[in-house]
Amino acid sequence: MNLDAIRAIFRFETARAMRTAVQSIASPALSSALYFIVFGGALGPHMAEIGGVPYGAFIVPGLIMSSVLTLSVANASFGIYFPRFSGTIYEVLSAPASAFEIVCGYVGAAAAKSVLVGLVILVTARCFVSFGIQHPVWMIAFLALTAIAFSLFGFVIGVLANSFEQIQLAPMLVITPLTFLGGVFYSIDMLPPFWRSVSLANPIVYLVSGFRWSFFGTADVNVGASLAMTGAFLAVCLAVVTWIFRTGYRLRA
């Protein structure tokens, strides 16, 4: 494995994010702080506990997961689309680096940035609400798996997109609605039976539920199902990326 190639791509993508640290790190943290102020500080004391957890603390895992998966898609899609747009993708493809190493560089950088933002939001949340983490190892595992899976998904979007507008289309029309309907601000057990069954078709529900379990030990769905759904989504995205490089689809054309 050519670690130098992975390191070079990783450093380049990370340096690009650091040049826009206000937009890529400070902005999500500020937005989450506003959620905690409104929902945790202002509305939380007037709302009933959910599963024995104060509402202000209950929304913390959901808001972190929402930011991580959204930023993972955005970071990875832009990271691979810009070289295609500028024509420098041919330099990357002609470099002494395998497809696996190229993907590791781009996806690793996107996932690392998303995890960093997630941890920043976690620290920010601790300034406004009180909560503990019952399973910190599983918390990191869910965070990392989600970031990697959605970075792979963003990589696919960046390869398929023909314009900067198309990069934003999937997150805006698909990811954001599924996220807000995925139990970020509520438990799906609060829904009527029919709508709870419908919610189980939303993959974001499993991610949020598993991540929330790592904090409070309670979950809307089985933790094993959450891990299985995360792993299945990661495997599908990895298979699509493998096919893209194997065929050169939209990379060499």
Selection from segment 208-229 of residues among the hydroxyl-bearing types (Ser, Thr, Tyr) and crowded, with 22+ Cβ neighbours inside 10 Å yields Ser209, Ser214, Ser226
Can you tell me which residue within segment 177-207, out of those that are touching a Ser or Thr at 6+ places or on another chain (Cβ under 7 Å) and assigned to a helix (DSSP H, G or I), is surrounded by the fewest Cβ atoms within 10 Å (Cβ to Cβ)?
-> Ile188
Has segment 129-142 got at least one residue that is outside any helix (DSSP H, G or I), of a type outside the set (A, V, I, L, M), surrounded by 15 or more Cβ atoms within 10 Å (Cβ to Cβ) and in contact (Cβ under 8 Å) with a residue 60 or more places away in the chain?
-> yes
Given (1) surrounded by fewer than 23 Cβ atoms within 10 Å (Cβ to Cβ); (2) within 22 Å of Thr146 (Cα to Cα); (3) modelled with pLDDT of 70 or more, index of the condition Gly79 fails = (1)
Index of the failed condition, Leu178 passing every other in (1) in contact with a helix residue (DSSP H, G or I) (Cβ under 6 Å, 6 or more places away or on another chain); (2) closer than 23 Å to Ala112 by Cβ; (3) not acidic (Asp, Glu) | (2)
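Residues checked against (1) more than 14 Å from Ile59 (Cα to Cα); (2) basic (Lys, Arg); (3) at pLDDT below 90:
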| site | (1), (2), (3) |
| --- | --- |
| Gly154 | yes, no, no |
| Ile157 | yes, no, no |
| Pro171 | yes, no, yes |
| Val174 | yes, no, yes |
| Pro177 | yes, no, yes |
| Arg196 | yes, yes, no |
| Pro203 | yes, no, yes |
| Val208 | no, no, no |
| Ala219 | no, no, yes |
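Of these, Ala147, Ala74, Ala125, which one is within 26 Å of Leu34 (Cα to Cα), among the small types (Gly, Ala, Ser), buried (at least 23 other Cβ atoms within 10 Å of the Cβ) and modelled with pLDDT of 90 or more?
From the options Ala147, Ala74, Ala125, the qualifying one is Ala147.
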Could you list, in sequence order, the residues of segment 108-121 that are within 26 Å of Tyr55 (Cβ to Cβ) and open to solvent by less than 30 Å² (accessible area, probe 1.4 Å)?
-> Ser114, Val117, Gly118, Ile121
Among the residues of segment 208-253, write down those that are more than 20 Å from Val68 (Cβ to Cβ), in contact (Cβ under 8 Å) with a residue 40 or more places away in the chain, assigned to a helix (DSSP H, G or I) and out of contact with any Phe, Trp or Tyr (no Cβ under 9 Å at 6 or more places or on another chain).
-> Arg246
Hits in segment 39-56 (condition: open to solvent by 50 Å² or more (accessible area, probe 1.4 Å) and either at pLDDT 75 or above or within 24 Å of Thr14 (Cα to Cα) (or both)) | Glu49, Gly51, Gly52, Pro54
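The values are calculated or read from the model by the stated rules, or taken from the named source; none is laboratory data. What you are looking at is a predicted structure, and each value in this text was computed from that prediction instead of being measured. We place every Cβ from the backbone using ideal geometry, glycine too, and count neighbours over all the protein chains shown. Calculation scope for accessible area: heavy atoms of the full protein, side chains included, ligands and nucleic acids excluded. Shrake-Rupley method; radii C 1.70, N 1.55, O 1.52, S 1.80 Å.
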